[in-house]
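First up is the structure itself, then whatever we jot down about it.
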């Protein structure tokens with residue numbers, strides 16, 4: 001408590017017993033510190049009866065009742081403290097607002113909290129104040145007004161932004177997060193802004209990817225060595241198909257000691273976007289080695305595509321099956337079987353052509369004419385037949 005016996009001496013100088021009132025106050029504060037809130041409330045009630053205009057006495061009575069589980073009974077003394085307080089102490093109004101919020105009286109809570117001005121609020125109390133203010137303002141539909149009132153106070157703005165987000169106002173929340181991105185709150189605000197933008201981009205990429213880019217660009221400027229910030233930037237660039245920039249971002253993540261699975265999985269996608277399938281496969285192999293069980297199927301799906309593009313089809317079949325994509329695996333297996341069958345048939349035709357060309361040469365005929373006629377009859381084997389010699 002910040003109240004001294006000297007204050008009480010002044011207040012009770014005109015009363016019969018300053019010593020007695022001071023004794024009651026000291027007993028109350030001792031019991032409060034000991035956690036005996038009901039007994040403390042009884043002592044502070046004596047103080048308020050003897051000194052009915054002493055705001056701090058009513059405040060301590062209200063707080064003691066509240067902590068003793070008598071929230072409804074605590075309202076009146078806290079209201080009295082606020083009304084009597086000549087110094088407009090933010091703590092009195094804050095306590096009343098918190099209590100009214102707990103009692104599900106948001107309009108009354110907001111009215112109490114609005115007694116606190118930004119200039120008067122102790123920075124140490126801003127977080128507690130904001131947690132009381134944000135739900136009360138949301139219930140009253142007054143979030144926009146409170147945002148305007150608390151500009152320049154990031155600790156208050158962030159909970160207001162979260163309430164805007166929770167009440168379906170993402171654009172307004174994003175703007176608040178950017179406004180709050182100052183000083184010690186910069187990184188936290190920008191991370192909230194980026195996360196919100198990426199969530200909204202799932203529905204409206206044209207509107208929200210640029211916002212995500214704005215937030216993550218500011219974040220990597222604020223935290224140039226933060227691997228996760230660069231990773232977020234790289235993931236955004238992959239989603240926007242800016243492959244080369246994404247590769248550069250993930251190279252920086254890896255240099256800064258970023259998570260191996262995340263780096264490799266997303267860097268592989270960037271390499272694949274550039275058609276660098278060997279590089280992509282190398283990254284997906286690294287991702288697979290670092291993957292948790294739950295992540296392995298999606299990594300195998302990426303590996304399968306890379307193997308397919310590289311013509312390593314039997315391995316691609318195995319990867320598709322590991323990814324749970326049995327339909328694609330079966331189709332590719334069927335294609336491989338058909339290819340093998342066709343290859344076998346073409347080899348038989350090539351062997352027959354070899355014999356025919358040899359016979360033609362021995363009979364003084366033109367072997368190339370035999371080859372031409374055979375290719376015309378079997379165009380699917382043209383490459384093998386052109387390579388055939390007598």
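Every number here is computed from the coordinates shown, using simple stated rules; none is lab data. Treat the numbers as computed from the prediction; the structure is a model and nothing was measured. No Cβ is skipped: glycine too gets one built from the backbone with ideal geometry, and neighbour counts run over all protein chains shown.
Taking 35 Å as R0, compute the FRET efficiency from the Cβ-Cβ separation of residue 20 and residue 107 and round it to 0.05. Step by step, r from the Cβ atoms, then E = 0.30.
Put in line by how crowded their Cβ is, counting other Cβ atoms within 10 Å and starting with the fewest, 261, 44 read 261, 44.
Judged by the gyration tensor of its Cα atoms, with axes a ≥ b ≥ c, the stretch 299-360 is prolate; a/c meets the 1.5 cut and a/b is the larger of a/b and b/c.
Between the Cα long axis of helix 313-322 and the first principal axis of the chain there is an angle of about 30°, rounded to the nearest 10.
Given R₀ = 45 Å, FRET efficiency for residue 199-residue 83 by Cβ-Cβ distance, to 0.05? Calculated value: 0.50.
Report summary: the helix-based calculation at 222 nm, which adds -39500 (n - 2.57) for every DSSP H run with n ≥ 4 and divides by the residues of the chain, gives -24000 deg cm²/dmol.
Relative to the dominant Cα principal axis of the chain, helix 326-362 is inclined by about 20°. Spin-label model, residue 331/residue 290: points 7 Å from Cα along the beta carbon direction are separated by 3.2 nm. Here the calculated FRET efficiency for residue 244 and residue 76, from their Cβ-Cβ distance with R0 = 51 Å, stands at 0.15, rounded to the nearest 0.05.
What ranking of 21, 75 emerges when the number of other C-beta atoms within 10 Å of each C-beta is taken as an exposure proxy, fewest first?
Result, fewest neighbours first: 75, 21.
Projected onto their three principal axes, the Cα atoms of the stretch 158-224 cover extents of 30, 24, 13 Å, largest first. Spacing of the modelled spin labels on residue 274 and residue 187, each 7 Å from Cα toward Cβ, amounts to 3.0 nm. With one equal scatterer per alpha carbon and no solvent term, the Debye-computed log10 I(q)/I(0) for the chain at 0.15 1/Å reads -1.19. Centroid-to-centroid, using Cα positions, the stretch 202-225 and the stretch 336-390 are 61 Å apart. Counted over all Cα-Cα pairs of the stretch 225-324, pairs farther apart than 15 Å make up 57 percent. Between residue 223 and residue 369, full extension at 0.36 nm per residue minus the direct alpha carbon distance yields a gain of 45.2 nm.
Between 0 and 90 degrees, the angle of helix 296-309 with respect to the longest Cα principal axis of the chain falls at about 30 degrees.
Spin-label pair residue 352-residue 166: with each label point 7 Å from Cα along the Cα-Cβ axis, the two points sit 7.9 nm from one another.
Pairs of C-alpha atoms in the stretch 344-390 farther apart than 13 Å represent 45 percent of all such pairs.
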